[in-house]
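**Q** The structure is given below, and queries will be raised subsequently.
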Amino acid sequence: APAHCWPRRGPQTTTVATDLVRQGTLWVLPIASQRVAQADMALSRATLRFSGCLRSSSRVPRVASIVQRQASALAFVEQARGVGFGGSRAPPFVPPPPQDSGVGILACEAYVPNRFVSQAALEEADGVGAGKYTIGLGQERLAFVDDREDINSICMNAVQNLLTKYGIQAHQVGRLEVGTESLVDKSKSAKTVIAGHLFGDDRNLEGATSINACYGGTAALLNSVAWVESSDWTGKYAIYVTADIAVYEKGPARPTGGCGAVAMLIGPGAPLKLVPGSRFSHTADVYDFYKASMMSEYPQVDGRLSQACYLRAVDDCYNGACRRLEQQRAAGGDATTDPIAADHGFDLWLFHSPYQKLVRQSFGRLLFNDAMARIHRGLPLPAHLEPLRPYASMPYEQTLLDRDLMKTLAVVSEDGYERQVAPSTRLSANIGNSYAAAVHANILSLVSSQRSALEGKRIGAFSYGSGAIATLFALEGSRPGPGPSAEFTLDRIADTVDLDARLAARREATVDEYVGAMEMREASYGEADVVPVGSIDNIEEGAWYLDSVDSKFVRHYKRKGE
């Protein structure tokens with residue numbers, strides 16, 4: 001029955017009723033089947049008085065057999081959520097120990113645009129002080145494309161690279177996911193364009209395009225892993241590709257643009273597997289960055305709010321993930337109360353990277369949260385965290401943007417940043433912000449720099465998308481054993497990507513050339529019956545590009561050299 005049909009018997013009844021109603025029928029949430037049985041997860045039909053709302057009276061006996069005791073169901077749902085219905089905190093719900101399926105990233109590839117403009121040249125052209133972008137933002141170069149390339153073409157190039165360099169045939173892939181926020185169509189999925197050009201007549205290909213500012217790639221990753229772990233897995237590979245073209249109108253935000261695409265092959269026995277039971281997510285309704293106008297690809301941005309939202313999400317996800325780890329340790333008999341014992345098991349970190357200075361600040365927040373947790377538990381602070389003690393009494397919201405605290409955190413976190421974060425930053429520093437692809441570009445960078453040294457190492461990965469959605473998840477490097485996945489190794493990923501050579505092969509463009517490319521995009525965005533004016537000379541051999549948009553807005557692509 002629809003939620004509004006349930007009798008109003010208070011927030012407890014209404015909330016649980018809503019949880020138990022799906023598409024007009026009552027069913028039990030499969031949160032944990034054993035605990036459902038223990039808690040008699042059901043609500044009293046007599047108490048709820050909803051029989052008049054059922055679609056058919058024939059359902060009453062079946063429902064009556066399910067629905068027994070309201071109080072136990074309320075207690076269970078409270079426990080499962082970890083929060084009482086009155087706002088009070090209930091005992092935390094501890095799920096069963098996670099099972100390691102070994103599913104994760106088998107192979108990585110990327111598409112990096114052929115041109116870039118240096119941030120130092122942008123500083124000079126914009127008349128700002130030297131270091132404003134290179135030091136203040138921590139960026140080196142900004143990759144860009146003109147109207148000859150769009151989200152479909154750069155995704156196709158990344159997937160084409162992955163299929164070709166690893167010898168993957170179309171029939172070996174059962175799922176294709178795309179993560180982006182760079183829309184050229186409000187309805188048609190970019191996944192279908194990629195499938196039509198690269199996968200031929202093989203139509204049994206699950207997946208779609210996940211759209212959210214900067215987070216779509218992570219949604220595509222998690223969806224792909226879930227599919228391989230599911231009972232509907234066909235034994236085939238999953239591929240997810242994430243990409244964006246980050247452009248801004250003239251002004252202070254323009255240097256934080258960029259462009260890039262990353263494609264990953266997902267399957268079992270992976271050299272870089274997702275760690276089960278490690279995730280924690282954050283959701284908030286905020287307008288920090290959004291694209292409400294369909295007439296422009298430029299976003300509306302509140303920079304100060306966006307930074308605060310980002311750091312708040314870092315705090316929430318990190319503290320939540322740490323609580324999960326402590327619960328798992330306690331369930332395993334480890335009674336340690338030190339909130340920073342062994343860095344919570346993380347050897348390395350990578351973050352969503354609009355610009356590198358925000359990544360540094362994010363890592364500093366981890367140390368800040370560790371320090372506050374120890375102070376609140378009455379534990380001594382390590383010497384390197386002692387400078388954070390004076391901020392324990394500062395109101396939380398003030399800590400997000402307080403400049404003195406940021407400076408202190410920069411000093412406190414410097415050594416740890418160089419060891420644990422810097423190895424993942426090379427690609428993003430050299431292509432700029434790739435939105436949904438950013439954290440995945442950093443995964444690729446980390447593998448490129450560390451290679452097989454990642455075996456046995458646990459990596460914390462923080463993904464953030466404005467609006468806002470964020471997730472902290474964990475990856476772990478491993479050496480595949482014998483079997484179908486033995487050919488996929490961390491060293492092979494690094495050798496295949498060959499990141500240093502790929503970055504060195506690009507051409508440095510002038511600022512005028514970059515501005516001209518942005519003007520081309522402005523002129524053609526959302527238009528029909530258009531032939532791009534950007535030169536094909538800027539497209540590398542074998543790459544896909546946009547050939548034309550016809551009078552019905554149908555987009556046509558070609559591959560250079562064919």
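The values are calculated or read from the model by the stated rules, or taken from the named source; none is laboratory data. Since we're looking at a predicted model, the values are computed, not measured. Positions of Cβ are generated from backbone atoms using ideal geometry, with glycine treated the same way; all protein chains shown enter the neighbour counts. Please note that ligands, DNA and RNA were not included when accessible areas were found on the heavy atoms of the full protein model with its side chains. Shrake-Rupley method; radii C 1.70, N 1.55, O 1.52, S 1.80 Å.
**Q** How much length would be gained if the chain were fully extended between ASP202 and GLU522, taking 0.36 nm per residue of separation minus their Cα-Cα distance, in nm to one decimal?
**A** This chain segment gains 111.6 nm when fully extended.
**Q** Provide Rg over Rh for region 335-480; use the alpha carbon set for both Rg and the Kirkwood Rh (inverse mean inverse pair distance).
**A** Looking at region 335-480, the ratio lands at 0.98.
**Q** Using protein chains only and a probe of 1.4 angstrom, how many square angstrom of PHE553 are accessible, to the nearest 10?
**A** 120
**Q** Given all pairs of different Cα atoms, what value in angstroms does the Kirkwood hydrodynamic radius of region 142-278 take?
**A** Averaging 1/r across every pair of different Cα atoms and inverting gives 15.6 Å.
**Q** Using per-residue counts of other Cβ atoms within 10 Å, averaged over each peptide, order 205-214, 369-378 from highest down.
**A** 205-214, 369-378
**Q** Given the pairs LYS186/LYS236; LYS250/LYS558; LYS186/LYS558; LYS191/LYS552; LYS191/LYS558; LYS188/LYS291, which span a C-alpha to C-alpha distance of over 25 angstrom in this model?
**A** Pairs exceeding the cut-off: LYS186/LYS236; LYS250/LYS558.
**Q** A further question on this structure: Would you please name the GluC sites (Glu not before Pro) within region 478-532 that are DSSP coil residues with at most 12 other C-beta atoms within 10 Å of their C-beta?
**A** Listed in order of number, the matching sites are GLU487, GLU527.
**Q** Another question about this same structure. When only alpha-carbon atoms are used, what values of Rg and Dmax, in angstrom, describe region 516-560?
**A** According to the Cα coordinates of region 516-560, Rg and Dmax are 10.9, 29 Å.
**Q** Once you keep just the Cα pairs under 8 angstrom separated by 6 or more residues, what percentage relative contact order results for region 406-488?
**A** 20
**Q** Considering amide H positions built from the backbone, and no H for Pro or chain starts, which residues 5 or more places from ASP244, or on another chain, come under 5 Å of its amide H?
**A** Distant-sequence amide H within range of ASP244: GLY260, ALA437.
**Q** Work out how much length ARG403 to THR234 would gain on full extension: take 0.36 nm times their residue separation and subtract the Cα-Cα distance, in nm to one decimal.
**A** This chain segment gains 55.6 nm when fully extended.
**Q** Let me ask something else about it. Hey, what's the Kirkwood Rh for region 356-441 if you take every pair of different alpha carbons, in angstrom?
**A** After inverting the pairwise mean of 1/r, the radius is 14.1 Å.
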